[in-house]
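Input: a single structure, listed below in structure tokens.
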Amino acid sequence: MADQRNPSGAQNAYNINTDKFKIRLQSLYSHWNEHKDELWGSADALAIATPPPSDDLRYLKSSAMNVWLLGYEFPETIMVFTKKQIHFLCSQKKASLLEVVRAAARDVAGGLDVTIHVKAKGDDGTALMEAVFRAIRAQPNASVIGYIAKEAPEGTLLETWAEKLKTAGFQQIADITNGFSDLLAVKDAEEILNVKKAAYLSVSVMSNVVIPSLENAIDEEKKVTHSYLMDEAEKAIMDPAKAKAKLKAENCDICYPPIFQSGGEFDLRPSAASNDEYLYYDPASVIIVAIGARYNNYCSNLARTFLIDANTMQTKAYEVLLKAHEAAIGALKPGNKISAAYQAAMSVVEKEAPDLVPNLTKSAGTGIGLEFRESGLNINAKNDRVLKPNMVFNVSLGFQNLQNQTNNPKIQNFSLLVADTIIVGQTNPEVGTCKSSKAVKDVAYSFSEEDEEVKPEPKPVVNGTKAFISKTTLRSDTGEISKEEIRRQHQAELARQKNEETALRLAGGGSATGDNRSAAKTSTDLTAYKNVNDIPSGRDLMIQIDQKNEAVLLPVYGSMVPFHVATIRTVSSQQDTNRNCYIRIIFNVPGTPFSPHDANSLKYQGAIYLKEVSFRSKDPRHISEVVQQIKTLRRHVVARESERAERATLVTQEKLQLAGNRFKPIRLLNLWIRPVFGGRGRKLPGALEAHVNGFRFSTSRNDERVDIMFANIKHAFFQPAEREMITLLHFHLHNHIMVGNKKTKDVQFYIEVMESVQTLGGGRRSAYDPDEIEEEQRERDRKNKINMDFQSFVNRVNDLWSQPQFSGLDLEFDQPLRELGFHGVPYKTSSFIVPTSSCLVELIETPFLVVTLSEIEIVNLERVGLGQKNFDMTIVFKDFKRDVLRIDSIPSTALDGIKEWLDTTDIKYYESKLNLNWRQILKTITDDPQSFIDDGGWEFLNLEASDSDSDNSEDSDKGYEPSEAEPDSESEDDDSDSESLVESEDEEEEEDSEGDSEEEKGKTWEELEREASNADREKGNESDSEVERNRRKMKNLGKSRAPPSGSMAKRSRFR
């Protein structure tokens, strides 16, 4: 058991929870009686000797039993359990605390007598030990006494006890470590909650502290040591607020000092240390980070490997490791043997990369709980213990001592490691640290100056090493075929209806461009001074800042010339070797790439603009003050104008009619709001009230108020806390409203079911504080009460909305259907996305996701095929001006469920083997809707139809072979027509970059087709008509090639 590092409160403030003591004491005796011979060494008495406290970070079975049974660690205490008695040998202070267990023990195992032997200060306890031994011998058939053999005695008391035990004359002294291990292996509900909180803390530190620190250091090329990063991570664990985790700091601790490794020196053991070497992040380097956090003494573990400009060998090794890790997790099911998890991982490595088998770690992790490594629960090939629900494991798998083909010692040797905290569920395992993504695209970074070209690999064969069988590829003959056939027939009918509906909509004038980029903002006339006489007269020719008129006065040829601060783009200063300081001011010049023409430039077309000015000064302090004042004033003006522009676009709402005397408003108290109000003061909870025609949320501050009209609510959701930490109400609106100074369409009100409390005075409280334990016990009741309060509010509001005056709004609170949910990445982080009856939502992480099902045109499931563990979902909306929504990295195991859900909601879906460039596809459709309709509408996405058509046209394509002497195409078509309709990594990274050159791109499918057509024309073959070419063009949108499974999708640069 690790030492308790957090400060503890006064000893007399401790209270043992007698109810929990009775339950766990009964569990101890029941387990002892049931497994006495095989696990408890046939012991007739159990002895637990806890050593004195230590400053070292360590885990002891005796300390774990103290905390599990009594709630606290009792150093220098001996506990002996017999069939009818319990003996405590301890000091006077501990004895007074243990008095409360006497009455509780009488209700356990037919009645147990508690005897407390108080050791005087300075006494070695010999006489008291003899009294304990006499009491044991007095029990019938008490010939075998059990003890924890692996714990060496420490201190005078335990050394004396060990000597006396050997000479006490018992027939046998047996090791009972296995009995305690099996007893602690299965956790109760309170222990599972502590493990989940510990895992949540580990994820928060990794996501909010470690990864931003690494990204910042690498992107800005900083020199930081591993030990510095370790210290920062440890501080965040000890103070969860630094990691944005709402947990009590006094309950949090580290399992081990955080581990940071790079530069060719790797140790995959938890005992590894972060050295003082600098973080190494050159190309082909590897960074391993391991975080272990504890909450209320319960441990969790999380390890991730980050790849910097990885090569092919590193890519393949990491992908194999991920598959093996997932296989090991998937095998942790009740009834399986622990060894099945390691064998599952080994099977994946033997199949995917046999050459890496010698480098695989000999263990896939251990059990975890009050001890970081629970004995007897090692995940290796020899452990045949059977898994049970509510066991908890640290699944840690890695490759060690891999070699790169290079002479650079910093990257020649590398290792890979992935670890997660896993809870064995009733049917399937639950990943406690799943919020920290280990997907390739989230751990692989690309910082090279030139984007690497990713070469596609050939399609994986069914019996190849990379084949992955999805649920839809294997079907038995027991009725599932008919179910799949029914779904296919329904989808075919949906395709026909969808194409008819789209044709009618496009024929009605839907020819607008699919480019959803908004026009450049226009600025209002900027006026600093209305009259020359208003300009303040400067005593000295120095740069001056007029805060009141928001102007900067610059000395130009002996006169002070004013410039409105909004005309300034950047301001900077520097100092040369002669102690001269320079200030450089760059202005916004209309017509440049980042300053397009606005109303002012169009109004004064013949004006001459000043681009930049520089001034020299001998006073560095004055220069620094001027730069700071200009930046502060400019930031204030920009924020004000931005808020003013947002408010100008708001739709005018009706006025809220307060309930007054008509009826008592329906209220829900102590709510938090997202997005939060602005301001620097402490955030306050508020109350949500339902009035005549809308809701009002207000806090005790007069300026913190939000009104939401019923007529403006598009969707309302109620999501109770089940596996989440909050219960919430969420409103998705038709039109934007302002919450503070933020413009939003989504407003959420929530309560945390687990409170975060700070001790008054700033001091830390002990993890053994009885108030803390009592609060943990009440958390389940608190969560149920909060859910019931929200449910009551929802029911009353639904009754209000059912009245005739609201019938036209069609309002009712919708509740997410968790059983249909799936994990995916709609924005930047992995989230649990859940369907409702009318929407697809994700309401926990920000930004929120709310997709109205009735607005969906089609859904395209991309990267679906053999060898893929994940796929992407692209949602195309009926409004072609709206960008498509991509949900990335959905596990392939969710594919069948998503298909079934889409089919039951009458949404047409297609499948493709790679990601498509939807912006170009929608532009092609809206530019020529008639051709789209004539060519079969959305059926170009139908892979089966496309493949059959391509087979028919194969003969006509055989006649064309490219030649070096072939003349260049003379087509003068618009550049946009030659863009590739298949989305590549380069296009994703350069999509928002307006100044990139298009000259060095490879030839697209359309260009190659035009060249082939020209060649056919020269040979006299004029059979290809324009209609046939357009049809082939649309079919090419559905053509696919296997995605590069051997090459990873890399993160773009941070700059």
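Residues of region 868-885 that are within 28 Å of Asp927 (Cβ to Cβ) and open to solvent by less than 50 Å² (accessible area, probe 1.4 Å): Asp872, Met873, Thr874, Ile875, Val876, Phe877, Phe880, Val884, Leu885.
Please find, within region 522-552, the residue that is modelled with the lowest pLDDT out of those that are among the hydroxyl-bearing types (Ser, Thr, Tyr) and open to solvent by 50 Å² or more (accessible area, probe 1.4 Å). Let's see the steps before the verdict.
If we filter region 522-552 for residues that are among the hydroxyl-bearing types (Ser, Thr, Tyr), which is where we start, we get 522-524, 527, 529, 537.
Of the ones still in play, those that are also open to solvent by 50 Å² or more (accessible area, probe 1.4 Å) are 522, 524, 527, 537.
Numbers: Thr522: 42, Thr524: 47, Thr527: 77, Ser537: 73.
Going through the qualifying residues, I end up with Thr522.
Filtering Val841, Val850 for residues that are surrounded by fewer than 22 Cβ atoms within 10 Å (Cβ to Cβ), of a type in the set (Val, Ile, Thr) and not in a loop (DSSP other than H, G, I, E, B) leaves a single hit, Val850.
Scanning region 132-152 for residues that are open to solvent by 30 Å² or more (accessible area, probe 1.4 Å) and out of contact with any Lys or Arg (no Cβ under 7 Å at 6 or more places or on another chain) yields Arg134, Arg137, Ala138, Pro140, Asn141, Ser143, Tyr147, Ala149, Lys150, Ala152. Using the structure shown, decide if Gly155 is crowded, with 19+ Cβ neighbours inside 10 Å and farther than 29 Å from Asp19 by Cα. When the stated conditions are applied, Gly155 does not pass them. It is to be established whether one or more residues within region 177-191 are farther than 30 Å from Met391 by Cβ, surrounded by fewer than 20 Cβ atoms within 10 Å (Cβ to Cβ) and in contact (Cβ under 8 Å) with a residue 60 or more places away in the chain. No, because not a single residue in region 177-191 is farther than 30 Å from Met391 by Cβ, surrounded by fewer than 20 Cβ atoms within 10 Å (Cβ to Cβ) and in contact (Cβ under 8 Å) with a residue 60 or more places away in the chain. For region 196-207, the count of residues that are modelled with pLDDT under 95, within 26 Å of the chain's Cα centre (by Cα), open to solvent by 40 Å² or more (accessible area, probe 1.4 Å) and farther than 27 Å from Arg778 by Cβ is at least one. Consider region 688-722 and keep the residues that are free of Cβ contacts under 8 Å to residues at least 40 places away in the same chain and over 17 Å from Gln657 (Cα atoms). The one that is most open to solvent (accessible area, probe 1.4 Å) is Asn702. Which one of these does Val114 not meet: (1) surrounded by 14 or more Cβ atoms within 10 Å (Cβ to Cβ); (2) part of a helix (DSSP H, G or I); (3) hydrophobic (A, V, I, L, M, F, W, C); (4) within 51 Å of the chain's Cα centre (by Cα)? Val114 satisfies every listed condition except (2).
Criterion first (over 20 Å from the mean Cα position of the chain (by Cα), under 25 Å from Val443 (Cβ atoms) and either open to solvent by 20 Å² or more (accessible area, probe 1.4 Å) or not charged (D, E, K, R) (or both)) does Arg863 satisfy it? Against the criterion (over 20 Å from the mean Cα position of the chain (by Cα), under 25 Å from Val443 (Cβ atoms) and either open to solvent by 20 Å² or more (accessible area, probe 1.4 Å) or not charged (D, E, K, R) (or both)), Arg863 qualifies. The set of residues in region 562-598 that are within 25 Å of Ala528 (Cβ to Cβ) and modelled with pLDDT under 85 comprises Asn588, Val589, Pro590, Gly591, Thr592, Phe594, Ser595, Pro596, His597, Asp598. Flag: Lys908 matches the condition of being under 16 Å from Ala503 (Cα atoms) and surrounded by 22 or more Cβ atoms within 10 Å (Cβ to Cβ).
Do we find that Lys242 is open to solvent by 60 Å² or more (accessible area, probe 1.4 Å), in a loop (DSSP other than H, G, I, E, B) and modelled with pLDDT under 95 in this structure?
Answer is no for this residue.
Can you confirm whether Lys164 is open to solvent by 40 Å² or more (accessible area, probe 1.4 Å) and not in a helix (DSSP H, G or I)? No, not satisfied. Out of Lys655, Lys664, one residue alone is within 28 Å of Val794 (Cβ to Cβ), touching an Asp or Glu at 6+ places or on another chain (Cβ under 9 Å) and exposed (fewer than 12 other Cβ atoms within 10 Å of the Cβ). It is Lys655. Scoring Val386 on the criteria (1) in contact with a Gly (Cβ under 7 Å, 6 or more places away or on another chain); (2) open to solvent by less than 30 Å² (accessible area, probe 1.4 Å); (3) not polar (S, T, N, Q) leaves a single failure, condition (2). Within region 299-309, the set of residues being over 15 Å from Ala364 (Cβ atoms) and open to solvent by less than 10 Å² (accessible area, probe 1.4 Å) comprises Cys299, Ser300, Leu302, Arg304, Thr305, Phe306, Leu307, Ile308. Only residues that are among the hydroxyl-bearing types (Ser, Thr, Tyr), closer than 19 Å to Thr177 by Cβ, outside any strand (DSSP E or B) and under 29 Å from the mean Cα position of the chain (by Cα) were counted in region 361-418, giving 1. Figure legend. Inter-residue proximity from region 842-858: first residues more than 13 Å from Asp879 (Cβ to Cβ), second residues part of a loop (DSSP other than H, G, I, E, B) and acidic (Asp, Glu), beta-carbon distance below 6 Å, spacing 6+ or different chains. Indicated pairs: Ile844/Glu724.
As for region 70-83, it holds at least one residue that is farther than 19 Å from Tyr14 by Cβ, in a loop (DSSP other than H, G, I, E, B) and among the hydroxyl-bearing types (Ser, Thr, Tyr). Restricting region 725-756 to residues that are within 28 Å of Ala639 (Cα to Cα) and not in a strand (DSSP E or B), the residue that is most open to solvent (accessible area, probe 1.4 Å) is Asn741.
Results for (1) open to solvent by less than 20 Å² (accessible area, probe 1.4 Å); (2) in contact with a helix residue (DSSP H, G or I) (Cβ under 7 Å, 6 or more places away or on another chain); (3) not aliphatic (A, V, I, L, M), shown as yes or no for each residue.
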| site | (1), (2), (3) |
| --- | --- |
| Leu321 | yes, no, no |
| Ala328 | yes, yes, no |
| Ser339 | yes, no, yes |
| Tyr342 | yes, yes, yes |
| Leu356 | yes, yes, no |
| Gly365 | yes, no, yes |
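Count of region 50-108 residues, restricted to those that are open to solvent by 10 Å² or more (accessible area, probe 1.4 Å) and of a type in the set (Phe, Trp, Tyr), is 2.
The values are calculated or read from the model by the stated rules, or taken from the named source; none is laboratory data. Everything quoted here is computed from the prediction, not taken from an experiment. Using ideal geometry, Cβ is built from the backbone for each residue, glycine included, and neighbour counts are taken over all protein chains shown. These accessible areas exclude ligands, DNA and RNA; they are computed on the full protein's heavy atoms, side chains included. Shrake-Rupley method; radii C 1.70, N 1.55, O 1.52, S 1.80 Å.
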